[in-house]
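Here is the structure we will look at.
The values are calculated or read from the model by the stated rules, or taken from the named source; none is laboratory data. If you're wondering where the values come from, they're calculated on a predicted model, not measured in any experiment. Methodologically, a virtual Cβ is constructed for each residue, glycine included, from the backbone with ideal geometry; neighbour enumeration extends over all protein chains shown. Note: areas computed on protein heavy atoms with side chains; ligands, DNA, RNA excluded. Shrake-Rupley method; radii C 1.70, N 1.55, O 1.52, S 1.80 Å.
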Amino acid sequence: MTANALIKDFQDILGKDNVLVAETDRYAYSYDSAVLDPAVPGVVVRPTDVSGLGKVVKLCNDAGAPLTVRGSGTNLSGGTIPKAGGVVVLTGALNKILEINTEDLYARVEPGVITAKFAAAVQAKGLFYPPDPGSQAVSTLGGNVAENAGGLRGLKYGVTKDYVMGVHFFDTDGELIKAGGRTVKCVSGLNLAGLMVGSEGTLGVLSEIFLKLVPPPAAAKAMMAIFDDVEAASRTVSAIIAAKIVPATLEFLDNFTIRTVEEFSHAGLPVEAKALLLIEVDGHPGMVEEDAAKVEELCRAHGAKRIQVAKDAAERNKVWEARRAALSALARVSPTTVLEDATVPRSKVPDMIKALDGIAAKYKLTIGTFGHAGDGNLHPTILTDKRNTEEWHRVEEAVTEIFDVALSLGGTLSGEHGIGLAKAKYLEKETTRGTILYSRRLKKALDPKGILNPGKIMGE
């Protein structure tokens, strides 16, 4: 049965206003932030309560209709590109913060809650939710869980998986599955919550998420280390980590990115710098001062031309807003922006940055590099025009080489963007054929008809 044949059933469950069939509506949900060809769904549905979500999942499974759940569509690996003619399920109306518990330090949310809005609501209660993906102003918590999203603070605080205490989700029969919950420790049954994190919607459909909260740091100090040499900046990253200092954030920007971001944000970045390290330490006030002094000393010892310490919160926020604008700024340069997130062990960051410069020269491409250097997660960003067939072929070759270099350094295809459609063909290079087959058997057992976000992670 096709998705079109289910329209009347969807309308009976959700109401006509929440079933989108117009061609323009369907096309709007045929692509995400990855540079991949669109696939137009047959119908787009918008459940407004959890009960409706479960009924939609069951209906799709009974009919064998492929289903892709979508939050805000910020996915960068094609994880929310649907199967052509299939069903897109929007979570935007499932956007309630159900509970923020200040005694037991957890929150309960629906999957459509916007990340930044949740973080602000938690902050208003005197608590802290650290994961901060670059798309946090629009991304949803359900999408964060599905992709195991990271962010600038991942170095010290970890990524989304480190804050998921439990989940509720629907299996393909529309049965509600509960895993984990309010307690800090829970080993009742299989770790199904862990299985759902990073599964990219291929194993179940999230309906509720339990998230760990932590006390906010008492103090923080941010600084910008300015370098005349890219290699010196990258080696400083390794030196800071080797000194057993773990900053809250340790970000790298190359000269092209610096100039592009400054033109976009007017944050006062030094456009003459070959590289910048943006560093923040936080915690107890005494420890912050001690760590900040050590970081400054290490930066100077490894060739920093100068170091600027933020005088106040306003100056600190201005710099971090500029860093968060890196992708937006770079995306203005060319018609097509290919943002990757190959990740290497932290000690290999200098080697990876050097290799990226060589790849840009080899394929005659403009590559701006920035990212979370403190945890080895770099974002080489290729600025191109997909309409130029010859150039696009060079881009594809360059991307393959970026992945090959990262893997040769003991790294991974993706630190925080997921595998989706874009990287599925490379996954065996990082793992083994057995890994792919095992994953497919697992999916087959949980999703016998293959309706849940088909083609993602492990391919068809």
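Would you confirm whether any residue within the range 286-306 is acidic (Asp, Glu), within 15 Å of residue 379 (Cβ to Cβ) and in contact (Cβ under 8 Å) with a residue 60 or more places away in the chain?
Looking for residues that are acidic (Asp, Glu), within 15 Å of residue 379 (Cβ to Cβ) and in contact (Cβ under 8 Å) with a residue 60 or more places away in the chain, one finds none in the range 286-306, hence no.
Give 37, 9 a once-over and let me know the one that is open to solvent by 40 Å² or more (accessible area, probe 1.4 Å), over 30 Å from residue 384 (Cβ atoms) and either part of a loop (DSSP other than H, G, I, E, B) or out of contact with any Asp or Glu (no Cβ under 9 Å at 6 or more places or on another chain) (or both).
9
Please verify whether residue 272 is open to solvent by 20 Å² or more (accessible area, probe 1.4 Å) and within 15 Å of residue 333 (Cα to Cα), treating the condition exactly as stated.
In short, no.
So, in the range 128-158, how many residues would count as being open to solvent by less than 30 Å² (accessible area, probe 1.4 Å), part of a loop (DSSP other than H, G, I, E, B) and of a type in the set (A, V, I, L, M)?
2
Specify which of the listed residues (69, 109, 88) is among the β-branched types (Val, Ile, Thr) and open to solvent by 10 Å² or more (accessible area, probe 1.4 Å).
Answer to the check: 69.
Conditions: (1) farther than 30 Å from residue 415 by Cα; (2) part of a loop (DSSP other than H, G, I, E, B); (3) open to solvent by 50 Å² or more (accessible area, probe 1.4 Å); (4) of a type outside the set (S, T, N, Q). Residue 31 meets all but one. Number of the miss?
(1)
Checking residue 311 against (1) surrounded by 15 or more Cβ atoms within 10 Å (Cβ to Cβ); (2) under 17 Å from residue 226 (Cα atoms), only one condition comes out false. Which one?
It fails just one condition, (1).
Condition (residue is open to solvent by 50 Å² or more (accessible area, probe 1.4 Å) and under 30 Å from residue 331 (Cα atoms)) applied to the range 14-22: is it met by at least one residue?
no
Determine which member of the set 172, 202 is closer than 29 Å to residue 97 by Cβ, surrounded by 21 or more Cβ atoms within 10 Å (Cβ to Cβ) and over 24 Å from the mean Cα position of the chain (by Cα).
Of the residues listed, the single one that is closer than 29 Å to residue 97 by Cβ, surrounded by 21 or more Cβ atoms within 10 Å (Cβ to Cβ) and over 24 Å from the mean Cα position of the chain (by Cα) is 172.
Among all residue pairs at least 6 apart or on different chains, which show Cβ distances below 6 Å where the first residue, located in the range 1-27, is more than 11 Å from residue 43 (Cβ to Cβ) and the second is of a type in the set (Lys, Arg) and part of a helix (DSSP H, G or I)?
Taking only residues 6 or more apart or on different chains, the pairs are 13/55.
Exactly one of (1) more than 17 Å from residue 251 (Cβ to Cβ); (2) open to solvent by less than 10 Å² (accessible area, probe 1.4 Å); (3) charged (D, E, K, R) is unmet by residue 125. Its number?
The one condition residue 125 does not meet is (2).
Considering the range 194-241 alone, what residues qualify as being part of a helix (DSSP H, G or I) and either without any contact (Cβ under 8 Å) to a residue 40 or more places away in the chain or closer than 30 Å to residue 441 by Cα (or both)?
Selection gives 194, 195, 196.
Determine whether residue 457 is in contact with a Pro (Cβ under 7 Å, 6 or more places away or on another chain) and either of a type in the set (Val, Ile, Thr) or surrounded by fewer than 16 Cβ atoms within 10 Å (Cβ to Cβ) (or both).
It is false that residue 457 is in contact with a Pro (Cβ under 7 Å, 6 or more places away or on another chain) and either of a type in the set (Val, Ile, Thr) or surrounded by fewer than 16 Cβ atoms within 10 Å (Cβ to Cβ) (or both).
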